[in-house]
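Colleague: Let me give you the structure first, and then I'll get to my questions.
The values are calculated or read from the model by the stated rules, or taken from the named source; none is laboratory data. Note that this is a predicted model, so its numbers are computed, not measured. Cβ placement follows ideal geometry from the backbone for every residue including glycine, while neighbour counts extend to all protein chains displayed. Accessible surface is based on the protein model in full, side chains and every heavy atom, while ligands, DNA and RNA are left aside. Shrake-Rupley method; radii C 1.70, N 1.55, O 1.52, S 1.80 Å.
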Amino acid sequence: MTQLLGGLVLYGVSLALMVRGALGLAPWDVLHSGLIEHLPLSLGQMVVLVSFAVLLLWIPLRERPGLGTLANAVVVGIATDATLAVTTEPDAVWARGTMMVLGVLLNASATALYIGAQLGRGPRDGLMTGLARRTGLSLRLVRTTLEVTVVLAGLALGGALGAGTVLYALTIGPLAQLALPWTTVRLDPARGSRGDG
């Protein structure tokens with residue numbers, strides 16, 4: 001639970017760092033930033049709202065949320081708004097670039113932490129795996145299709161697309177995979193505890 005909540009809080013912090021970097025957001029956050037241009041909600045509130053809307057799509061896919069799924073839907077948005085409340089966008093381009101890169105690196109670490117806790121997928125991850133399972137398409141194709149769709153929708157609504165979006169798309173998978181071996185909680189008992197050496 002500690003690892004799960006820590007990962008989700010850090011995920012929200014990473015999202016806010018990318019916002020303050022003002023050089024582009026992760027694909028789903030392009031959509032979130034576009035939606036708040038038209039609705040009287042903060043970015044964090046929109047993250048929560050979209051999370052629960054995505055969870056409704058789990059019903060026909062017969063996906064089952066876990067504790068981590070519900071925590072993800074709420075904690076990330078709260079952490080995002082809290083971080084935005086105590087940070088500002090720097091003027092210097094180098095400082096904004098640093099915030100963007102730190103945001104991506106922190107996001108990868110946070111992703112590995114909450115996935116490694118093994119208490120349930122996030123709403124968007126569950127949508128991806130559910131669609132892949134029901135359609136028979138590859139995870140890569142489903143993820144790419146979803147992310148292109150939300151980016152285009154976000155752009156149409158005035159969302160923030162930029163170099164950070166490209167950096168995120170190219171690096172988040174490899175970085176999170178690199179961190180997962182150190183963050184995955186073992187669910188099976190250790191071999192030594194069974195008396196076999």
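Colleague: Calculate the dipole size of the chain relative to its Cα centre from +1 charges on Lys and Arg beta carbons and -1 charges on Asp and Glu beta carbons; express the result in debye to the nearest 20.
Modeller: Working: 13 positive and 10 negative charges, 143 e Å.
Charge dipole, the chain, about its Cα centre: 680 debye, nearest 20.
Colleague: At 1.4 Å probe size, put T145, T83 in order of accessible surface, largest to smallest.
Modeller: Sorted by accessible area, descending: T145, T83.
Colleague: Through the Karplus equation 6.51 cos²θ - 1.76 cosθ + 1.60, θ set to phi - 60°, convert the phi angles of region 175-184 into ³J(HN,Hα) values in whole Hz; use x for Gly and Pro.
Modeller: 5, 5, 5, 5, 7, 4, x, 8, 10, 6
Colleague: Turning to a different aspect of this structure: In region 53-197, what percent of the accessible surface is made up of carbon and sulfur (1.4 Å probe, ligands and nucleic acids excluded)?
Modeller: Looking at region 53-197 in its full context, I get 67 percent from C and S.
Colleague: Here's something else I'd like to know. Going from most exposed to least, what order do I115, I59, I36 have by accessible area with a 1.4 Å probe? Please list the in-between numbers first.
Modeller: Numbers: I115 75, I59 120, I36 50 Å².
The most accessible residue leads, giving I59, I115, I36.
Colleague: Same structure, new question: Quick check on region 1-108: take the gyration tensor over C-alpha atoms, sort the square-rooted eigenvalues as a ≥ b ≥ c, and tell me if it's rounded (a/c under 1.5), prolate or oblate. Before the final figure, lay out the partial values.
Modeller: Numbers: a/c = 2.19, a/b = 1.57, b/c = 1.39.
The shape class here is prolate.
Colleague: Then there's this: Report the longest stretch of the chain that contains none of the trypsin sites (Lys or Arg not before Pro) sitting in a DSSP loop with at most 10 other Cβ atoms within 10 Å. Intermediate values should be presented prior to the final figure.
Modeller: On the way: sites that count: R62, R186.
Counting only loop sites that pass the neighbour cut-off, the longest clear stretch is 63-185.
Colleague: Could you give each residue of region 153-169 its phi-based ³J(HN,Hα) in whole Hz, using Karplus coefficients 6.51, -1.76, 1.60 with θ = phi - 60°, and x for Gly or Pro?
Modeller: Couplings: 5, x, 4, 4, 8, x, x, 8, 10, x, 4, x, 5, 5, 4, 4, 4 Hz.
Colleague: Still on this structure: Collect residues whose amide H, placed 1.01 Å from N in the peptide plane, falls under 5 Å from the amide H of A117; neighbours closer than 5 in sequence don't count.
Modeller: V185
Colleague: Please give the FRET efficiency for T171 paired with L56, using the beta carbon to beta carbon distance and R0 = 45 Å, rounded to the nearest 0.05. Walk me through the intermediate numbers first.
Modeller: On the way: r = 31 Å, r/R0 = 0.68.
Plugging the Cβ-Cβ distance into 1/(1 + (r/R0)^6) gives 0.90.
Colleague: Amide H to amide H, which residues 5 or more places from T87 or on other chains are under 5 Å from it, using H placed in the peptide plane?
Modeller: For T87, whose amide H was placed from the backbone, there are no distant partners under 5 Å.
Colleague: Can you list the residues of region 102-117 with backbone N under 15 Å from a point 7 Å past the Cα of L139, pointing along Cα to Cβ?
Modeller: 111-117
Colleague: In what order, largest first, do D91, D188, D29, D125 sit by accessible area if the probe radius is 1.4 Å?
Modeller: Descending accessible area places them as D91, D188, D125, D29.
Colleague: So how long is each side of region 38-94 along the principal axes, counting just the alpha-carbon atoms, biggest first, in Å?
Modeller: Each principal axis gives a Cα extent; for region 38-94 these are 48, 26, 20 Å.
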